[in-house]
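All remarks here apply to the structure that follows.
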Amino acid sequence: MKYKFIAMMLSILLLTQITLPFNMVLAEEKSPSIDEAKELIQKGLTIFEIDKEVSRLNEQDAKIVVQIKQNEQNIVKQSSNVDSTRKHAGKVMRAYYTGDRDSIWMLLFTVSSFADALRMFEYLQMIITNDHRALSAFTESFNKLKNLQTELESSRVELQKTKEKFLLQRERLVKLQEELDKQLAVSAQAQVIEAQIKSLNDQWKQEGIPLFREYLDSLSAAFRELPQYVTKENKFMDLSSIKNPVITISDKDFNTYLHSKNELLQNLNFEFADGYIVAKGKKDNVQIAIEGKFLLKENPDMNEVRFAVDKLEFNGFQLPDTTIEDFTKEFQLGFVPKKIVNYLDVVSVETKNGTAVVKLKLSL
């Protein structure tokens with residue numbers, strides 16, 4: 001009896017050791033970590049935005065195809081116009097080269113009165129005007145044909161680039177979707193996570209996108225007017241070198257300036273770090289973060305300080321590069337000092353230790 005009891009206890013212990021790891025795996029599967037869940041939701045938001053970019057590229061592709069067809073039709077019509085005006089212009093040129101027009105001018109010496117001379121002169125003027133009109137019509141028609149051909153070639157190049165971007169983003173989208181599907185397939189919380197993905201995407205579409213547009217639109221206006229603000233305040237300008245003035249503004253002063261522009265920007269604060277800039281803001285239940293840097297954009301007439309966005313976050317979730325590119329096309333964040341003070345042009349810009357330093361040069 002004693003041995004039977006011992007054998008039974010050993011069996012129970014062995015069975016416990018075998019089933020315990022399996023139960024732990026099940027527990028882990030049923031309760032994915034917060035980081036794992038966030039990764040899946042992040043992937044869902046990225047897929048949502050890239051899918052939007054793929055749709056946009058597809059629509060752009062269709063528009064360019066239509067534009068190319070229209071250009072081709074216009075070129076056929078214009079080629080016919082060029083042929084017609086070329087024939088007329090050719091007759092005019094031949095008349096001058098063969099001396100036919102010289103004989104017409106000789107008619108002036110055959111008139112018998114001043115009145116006849118005036119009428120003959122008017123007649124000759126009409127001929128010359130028509131000749132010039134014929135030559136101008138050919139030149140204009142030919143130039144228009146060249147422009148249409150250039151537009152056609154540009155459209156074809158743009159179409160090729162659009163197709164390449166479309167294929168690249170579609171491949172990226174398919175890959176991300178496959179990854180997400182596989183991860184959800186092994187998760188017992190798949191339905192919960194899918195619901196969270198949909199909720200975040202809906203919030204981004206309904207609240208996030210409009211709010212980002214509001215912020216970026218307000219920032220665009222504030223950046224444009226920044227040179228006017230810093231040149232009025234003596235504390236920002238270092239004129240120890242007349243030929244090379246320097247603007248220095250702290251992130252604290254920059255935020256004060258932004259907050260004075262409108263109510264929305266009062267909830268946004270910039271931090272100037274070494275080589276990059278971080279801005280964070282919040283409105284109601286939406287938190288946003290923008291990371292980027294000041295870059296010098298050199299132009300033939302006047303240089304520009306451009307704020308290049310490298311990273312966007314919505315409620316702690318990072319938005320893909322396609323979203324950044326889309327916003328960058330819509331909103332220009334930067335300033336041109338020379339538009340405010342036409343004899344000062346920017347030559348460099350950097351951020352460090354909580355300040356932005358813009359170096360200028362006297363340009364007369």
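The values are calculated or read from the model by the stated rules, or taken from the named source; none is laboratory data. Here the structure is a predicted model, which is why all the values come from computation and not from measurement. Backbone-built Cβ (ideal geometry, glycine too); neighbour counts: all protein chains shown. Surface areas here come from the heavy atoms of the whole protein model, side chains and all, with no ligands, DNA or RNA. Shrake-Rupley method; radii C 1.70, N 1.55, O 1.52, S 1.80 Å.
Of all residues in region 240-257, none satisfies being surrounded by 15 or more Cβ atoms within 10 Å (Cβ to Cβ) and more than 16 Å from A356 (Cβ to Cβ). Residue check: is S187 surrounded by 15 or more Cβ atoms within 10 Å (Cβ to Cβ), outside any helix (DSSP H, G or I), touching a residue at least 60 places away in the same chain (Cβ under 8 Å) and of a type outside the set (K, R)? The answer is yes for S187.
Considering region 290-323 alone, what residues qualify as being open to solvent by less than 20 Å² (accessible area, probe 1.4 Å) and β-branched (V, I, T)? Correct list: I290, V305, T322, T323. If A195 passes every condition in (1) open to solvent by less than 80 Å² (accessible area, probe 1.4 Å); (2) closer than 22 Å to D326 by Cβ but one, which one does it miss? Checking A195 against (1) open to solvent by less than 80 Å² (accessible area, probe 1.4 Å); (2) closer than 22 Å to D326 by Cβ, the one that fails is (2).
Would you point out which residue out of R156, R170, R213, R224 is within 25 Å of the chain's Cα centre (by Cα), closer than 30 Å to S79 by Cβ and basic (K, R)? First the steps, then the outcome.
Working: R170 fails: closer than 30 Å to S79 by Cβ; R213 fails: closer than 30 Å to S79 by Cβ; R224 fails: closer than 30 Å to S79 by Cβ.
Of R156, R170, R213, R224, the one residue that is within 25 Å of the chain's Cα centre (by Cα), closer than 30 Å to S79 by Cβ and basic (K, R) is R156.
Beta carbons closer than 6 Å, at least 6 apart along the sequence or on distinct chains, pair a first residue in region 61-74 that is open to solvent by less than 50 Å² (accessible area, probe 1.4 Å) with a second that is among the charged types (D, E, K, R) for I64/E158; N71/E151. Is it the case that region 329-347 has a residue that's within 11 Å of the chain's Cα centre (by Cα), open to solvent by 40 Å² or more (accessible area, probe 1.4 Å), at negative phi and touching a residue at least 40 places away in the same chain (Cβ under 8 Å)? The answer is yes; a qualifying residue exists. In region 305-325, the residues that are closer than 23 Å to Q196 by Cα reach residues that are small (G, A, S) with C-beta atoms within less than 6 angstrom, at least six apart or across chains, in these pairs: E313/A289; F314/G208.
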